[in-house]
Amino acid sequence: MATASLQSRGYLPVATASLCPASVLDCDLFIQRPGCAYAELYRGSTYPLESADIEALRSDGVDHLYIRAEDANAYREYLCQHVLHDASVPPMARMQALREVTRVAFQDALSGSDCDRIVSVASDFGSDLASVVAERSIAFGELYTTLEHDYYTFTHVCNVSVYCTMLAHKLGVCDTAGLGEFAAAALLHDIGKRHIPPRVLNKPGKLNDDEWELIREHPATGFREVATRDDLTWGQLMVIYQHHERIDGSGYPCGVPADEIHPWAKICAVADVFDALTCHRPYRGPMPKQDVCDYLKKYSGVWFDAEAVACWTRQVGGEA
Amino acid sequence: MSQMPPPSVAAMDEAEAQIDLLVNSGTELDAHEGRRFPRFHYQSRIRATVYPFNDGASAPLECTMLTRDLSRGGINLLHTDPLLLGQKIALTLSESGPRFVEVMWCRRVAHRCYSLGCRFIRVGGE
């Protein structure tokens, strides 16, 4: 609530974990003290942050500071320079940096009608995410606490992309290029939802038949939009088109059975449902991870690919 | 689309005339559905050439399809395999030559039976 309020006043949250010791972020940093509705200056621009500062913030439970919205570019440059491509930075911090870097660019691109830009942002994100995931083993528990679970458009597609990449890696996909393609596709999987009115997407109550029909069109709409592009692979197109298909043929838009569904789309279906159910939605709270795993297991081999479910629930179960 | 020469304008016109004849002699479906063109029952077995997605490298597939209904704007087909949105098909509806359609939607209706909603298109810059 406080974060939303500060954002409406022109501040952007930046994760404390994404800040690097002994580095200079070329913009002012603000902090919101407990019980305060406003942000106060924490550190002026050009003043370096030391390890002790960051440690003190963490021990005080301050997981976010704030920057002015107009300083978003400076922050992105800072993340790229100090965090994202520095292998000595822990994977979770790099993952957070990557998310922060991508968030603004992706939301900008989504709000416009420039499909080239959306695909380009997704492609960059996919490459960087794949290199983080392929480099070191990431524990699900740590990952889960790092991610946000609010189901805003970017949060959802970002989470699904991270889950898909991790799951594909665990299932044996080791080449970084392939993982990067899959990560980019997962970031794009809901691209067709851009054409659904927000009043339907964010409706707190039950959807009527017409609204459901609109929702069910998004895989086909997204596919049509990108189908003729030569910078997307067949697998990437199938993630967009088939991520709501089900193993028993009960899915949409086509209702194809298991042998007609691309393996990446099967993985994306598991990640998509897992994130949708564990996120907070306007009409319900998040479901516990274990309950979602039970749900996935219940429909394993019926709606969801059994191998993907088994692998994913092992990851979640081992860390939950 | 280079594997099959596009039909001539005269052949296209004749094919359209044939479609007109068919739709005018049929029984109208869904008269109150608010479609741009009324649909008519048209149940037949026709020859079809399915072109690969995005003009891909594989050869076009010759096959037989079943028709369900027809309008001036498009045709509903039944096929054994799912096709992708945007895929092109050449249909032999009459003696006058092939008529091209593009898949607009595809839904499975039974085991190995997919319903294809297609619209008529012109190809080859005509």
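The values are calculated or read from the model by the stated rules, or taken from the named source; none is laboratory data. Because the structure is a prediction, the values reported are computed rather than measured. Cβ atoms come from the backbone with ideal geometry, glycine included; neighbour counts cover every protein chain shown.
Remarks
- Residue in the stretch A:191-214 that is nearest to the other protein chains (Cβ to nearest Cβ), counting only those that are over 19 Å from A:Pro253 (Cα atoms) and within 20 Å of the chain's Cα centre (by Cα): A:Pro198
- Selection within the stretch B:92-114 - surrounded by fewer than 21 Cβ atoms within 10 Å (Cβ to Cβ), part of a strand (DSSP E or B) and either hydrophobic (A, V, I, L, M, F, W, C) or more than 10 Å from every other protein chain (Cβ to nearest Cβ) (or both): B:Thr92, B:Glu102, B:Met104, B:Trp105, B:Val109, B:Ala110, B:Cys113
- Unmet criterion (only one of (1) within 14 Å of chain A (Cβ to nearest Cβ); (2) under 9 Å from the mean Cα position of the chain (by Cα)) for B:Cys118: (1)
- The stretch B:49-68 residues that are among the acidic types (Asp, Glu), paired with ones that are assigned to a loop (DSSP other than H, G, I, E, B) (beta carbon under 7 Å, 6 or more apart): B:Asp55/B:Met1
- Residues in the stretch A:184-202 that are part of a helix (DSSP H, G or I) and among the aliphatic types (A, V, I, L, M): A:Ala184, A:Ala185, A:Ala186, A:Leu187, A:Leu188, A:Ile191, A:Val200, A:Leu201.
- Any hit, the stretch B:34-54, residues being modelled with pLDDT under 70, of a type outside the set (S, T, N, Q) and not in a helix (DSSP H, G or I): yes
- Enumeration of residues in the stretch A:269-305 that are farther than 22 Å from A:Leu147 by Cα, crowded, with 16+ Cβ neighbours inside 10 Å and small (Gly, Ala, Ser): A:Ser300
- Lone qualifier among A:Glu245, A:Glu217, A:Glu260 - being free of Cβ contacts under 8 Å to residues at least 24 places away in the same chain, within 12 Å of another protein chain (Cβ to nearest Cβ) and of a type outside the set (Lys, Arg): A:Glu260
- Scanning the stretch B:76-84 for residues that are more than 10 Å from every other protein chain (Cβ to nearest Cβ) and under 19 Å from A:Ile261 (Cβ atoms) turns up at least one hit.
- The criterion of at least 1 residues that are under 30 Å from A:Pro282 (Cα atoms) and hydrophobic (A, V, I, L, M, F, W, C) is met by the following strands (runs of 3 or more DSSP E) wholly inside the stretch A:1-88: A:11-15, A:29-31, A:64-68.
- Single residue of the stretch A:225-237 satisfying the filter (surrounded by 17 or more Cβ atoms within 10 Å (Cβ to Cβ) and farther than 21 Å from A:Ala168 by Cβ) that is nearest to the other protein chains (Cβ to nearest Cβ): A:Ala227
- Checking A:Leu65 against (1) at pLDDT below 85; (2) closer than 16 Å to A:Thr16 by Cβ; (3) among the aliphatic types (A, V, I, L, M), the condition it does not meet: (1)
- Residue tally, condition farther than 18 Å from A:Cys254 by Cβ and touching a helix residue (DSSP H, G or I) at 6+ places or on another chain (Cβ under 9 Å), over the stretch B:101-126: 3
- Filter result for A:Tyr252 (within 13 Å of chain B (Cβ to nearest Cβ), over 23 Å from A:Gly285 (Cα atoms) and not in a helix (DSSP H, G or I)): yes
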